[in-house]
Amino acid sequence: VMQGYAAEMDNPLMAHLISPELQNKKDILFGNMEEIYHFHNRIFLRELETYVEYPELVGRCFLDQMEDFQIYEKYCQNKPRSESLWRQFSDSVFFQECQRKLDHKLSLDSYLLKPVQRITKYQLLLKEMLKYSKNCEGAEDLQEALTSILGILKAVNDSMHQIAITGYDGNMNELGKLLMQGSFNVWTDHKKGHTKVKDLARFKPMQRHLFLHEKAVLFCKKREENGEGYEKAPSYSYKHSLNMAAVGITENVKGDAKKFEIWYNAREEVYIVQAPTPEVKATWVNEIRKVLT
């Protein structure tokens with residue numbers, strides 16, 4: 001892919017096949033695939049090879065390189081832009097010619113999906129290795145490596161949702177780290193305590209997608225996109241946010257183990273949030289509690 005497609009985009013002999021709109025779009029189409037390739041080729045593969053005789057210790061290898069695995073996050077974040085470009089130009093003569101020369105059965109988009117599949121596959125490989133490494137030296141490292149890779153996958157997944165937020169006019173980097181995101185039913189009460197909570201419960205909830213950052217929680221409305229590609233990419237239109245410095249929570253709402261309350265400015269605004277399951281609620285309450293303390 002690097003030689004047969006990416007490098008060919010700079011090949012003067014191929015220039016006449018590339019439509020003007022596609023020129024200078026190499027970085028969008030391939031993202032940081034070259035960076036991923038070099039990391040594996042020069043660093044990770046060599047490290048792995050030193051463990052050929054001691055496969056049960058391979059967890060160490062992952063842990064030593066864990067920071068580098070974050071290059072996958074960058075790749076996945078760029079993926080929607082890459083796919084949209086590919087959809088516009090997939091039938092271009094240039095790509096057909098590159099594919100013919102390489103004698104590839106599959107078109108370029110199948111290969112551009114490889115890094116996404118690879119980072120997902122690592123956790124499966126580590127799980128499988130753990131299964132056969134009970135009580136042996138290295139088992140703890142394998143477990144830690146698995147936990148770290150799952151953490152990276154969660155970060156990748158969360159950031160894929162975060163880049164789909166529209167209508168937020170501030171700078172998201174100023175909100176601190178994105179800790180959690182997910183869809184909830186939300187009831188709100190803005191009157192200062194006039195309405196009884198039980199009266200509220202009769203009203204139809206709003207569907208909201210919440211993004212919990214260290215400094216704010218964002219409420220967005222999810223819009224399904226009719227696209228193709230891996231996961232029809234949803235987008236989220238920003239509705240409002242609450243500064244975590246003025247937020248409080250009530251962990252239990254009577255009569256429903258899936259509900260909790262987020263309130264603002266000493267209960268001036270109250271949001272009753274219903275999670276899909278009690279487990280999801282517990283995770284969110286814990287994360288919010290950590291931020292508040």
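The values are calculated or read from the model by the stated rules, or taken from the named source; none is laboratory data. None of the values given here were measured: they were computed from a predicted structure. Quick reminder, even Gly has a Cβ in these numbers, built from the backbone with ideal geometry, and neighbours come from all protein chains shown. Only protein heavy atoms, including side chains, enter the accessible area calculation; ligands, DNA and RNA are left aside. Shrake-Rupley method; radii C 1.70, N 1.55, O 1.52, S 1.80 Å.
Using only alpha-carbon positions in segment 90-182, the gyration tensor eigenvalues give semi-axes of 33, 28, 8 Å once each is multiplied by 5 and square-rooted (largest first).
Please sort 278-285, 75-82, 163-170 by packing, taking for each peptide the average over its residues of neighbouring beta carbons within 10 angstrom, highest first. Working shown, then result.
On the way: 278-285: 16.1, 75-82: 18.9, 163-170: 13.2.
Going by the mean number of other Cβ atoms within 10 Å, highest first, we get 75-82, 278-285, 163-170.
Report the percentage of all Cα-Cα pairs in segment 7-163 whose separation exceeds 21 Å, rounded to a whole percent. It works out to 54 percent of all Cα pairs.
Helical runs assigned H by DSSP (4 residues or longer) give the chain a calculated mean residue ellipticity at 222 nm of -12000 deg cm²/dmol, each run adding -39500 (n - 2.57) before division by the residue total.
Taking a sphere under 15 Å around the Cβ of G31 and counting the other residues whose Cβ falls inside, with K and R at +1 and D and E at -1, yields a net charge of +1.
If R₀ is 45 angstrom, what is the calculated FRET efficiency for the pair K215 and I28, using the beta carbon separation as r and rounding to 0.05?
Working: r = 31 Å, r/R0 = 0.68.
Step by step, r from the Cβ atoms, then E = 0.90.
Accessible area per residue was computed with a 1.4 Å probe on protein heavy atoms; V291 scores about 40 Å².
The calculated FRET efficiency for the pair L63 and H16, based on their C-beta separation and a Förster distance of 35 Å, comes to about 0.10. As a calculated quantity, the FRET efficiency between V93 and K114 at R0 = 25 Å, using C-beta atoms, amounts to about 0.55.
Ranking S237, N11, Q274 by how far each Cα lies toward the positive end of the dipole of the chain (charges on Cβ) leaves Q274 at the top.
As a quick test, which of the pairs K74/K134; K74/K215; K101/K131; K79/K204; K25/K281; K222/K281 have an alpha carbon distance above 31 angstrom in this structure? Result: K74/K134; K101/K131; K79/K204; K25/K281 exceed 31 Å. In terms of Cα atoms, the Rg and Dmax of segment 246-293 work out to 10.3, 28 Å.
Could you grab the relative contact order for the chain? Cα pairs under 8 Å, six or more apart, rounded to a whole percent.
Numbers: 388 pairs, mean separation 41.6, N = 293.
Rounded, it is 14 percent for the chain.
Estimated at 0.36 nm per residue, the fully extended path between E224 and L125 surpasses their Cα-Cα distance by 32.4 nm. Computed over the chain, the quotient of the alpha carbon radius of gyration and 2.2 N^0.38 Å is 1.24. The residues neighbouring P276, those whose beta-carbon lies less than 14 Å from its own, together hold a net charge of +3 under the Lys/Arg +1, Asp/Glu -1 convention.
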